[in-house]
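Below: the structure, in structure tokens.
What follows draws every value from the coordinates through simple rules; no lab data is involved. Treat the numbers as computed from the prediction; the structure is a model and nothing was measured. Neighbour counts are summed over all protein chains in view; Cβ atoms, including those assigned to glycine, are modelled from backbone coordinates with ideal geometry.
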Amino acid sequence: LVLLGDSVYIDVPAKPDSSGHAHPSHSDYNDDDFAVHLRDLYAAQLAIPEFSLLLKQLKGQVYAVWDDHDFLWNNAGGKEARRVVHKGQAIFSANLFRCWRKALTQGGAGFPASTKDASVSKGYVPPLRSIRVDNFAPGYVSQLLNGGRVVLHLPDGRSWRQGSDLIGTQQRQQMAAVLAQYPDALHILASGSTLQGHGRESWSGHATDFQWLQDQASQYNLLVISGDIHKNTLPDPMPCGGKFLHEATASGAAVNFNP
């Protein structure tokens, strides 16, 4: 199971803070209230009986990337995370996402019981002005499946999303190294964003990374599994230098399944 982001919605609906005021968006929370709010959302998802049972049955074979709504807020990226006023929220968000990933691999167990847990506040040392996003962002990881015949790529598609970059230089280099190490494998890239059709919220809205991805597809067997758009689609494969860049969008939230 690969969760493609927006596993929780930080900014929908607004939640009252400690003073009882219902904020219209996440950005109005102070850092502590933001951390409590996000921890509670993840904990509520883990407590859903059907979801909890699914995690136990999958025995650790659950992976996740994040997207805008479980990163900071709708359409947020690296520019927003680097603003001093939001940096504390970005630190808490990254820490809780790591806790979320760990709980997914443990059948839902081990998620922090409160924001006083050191894993939630790690790196949160005011004043925050000198702290760099790169030091706390989850970044890129990969996972070998089926004895290396399949490689799952799990990039951070939010922390470095700015200008023409979607995953940024360092993650491109890291992924390229893994691609080259397993040239004959099926490479699956988990992405919160679709390849095309949604402006800055798609790969095509970030020219450098979109072209880089097509270049990789011209050399390797590459499938992008994407989310975000609240529907399930199978776009036509994109020709790339004699090969194809494939995409499958599995974004079932709000989809009415009628057997």
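Worth pointing out:
- To the nearest ten degrees, helix 31-47 and the longest principal axis of the Cα atoms of the chain are 60 degrees apart.
- Nearest 10 degrees, 0 to 90: helix 84-105 Cα axis against the chain principal axis: 70
- Magnitude of the charge dipole, the chain, Cβ model with Lys/Arg +1 and Asp/Glu -1, debye to 20: 600
- For Lys59, the aspartates and glutamates whose Cα comes closer than 15 Å to its Cα, not counting residues fewer than 8 places off in the same chain, are Glu50.
- Separation of the alpha carbons by more than 24 angstrom is noted, of Lys87/Lys116; Lys102/Lys122; Lys102/Lys243, for Lys102/Lys243.
- Across the options Pro183, Leu154, Ser130, the greatest Cα extent toward the positive end of the charge dipole of the stretch 113-194 (unit charges at beta carbon of Lys, Arg, Asp, Glu) belongs to Ser130.
- Rounded to the nearest 20 debye, dipole of the stretch 146-223 from Cβ charges on Lys, Arg, Asp, Glu: 100
- Top positive-direction residue, dipole computed over the stretch 25-112 with Cβ charges, set Phe34, Val65, Ala76: Val65
- For the chain, the longest principal axis of the alpha carbon atoms and the long axis of helix 169-181 meet at an angle near 50°.
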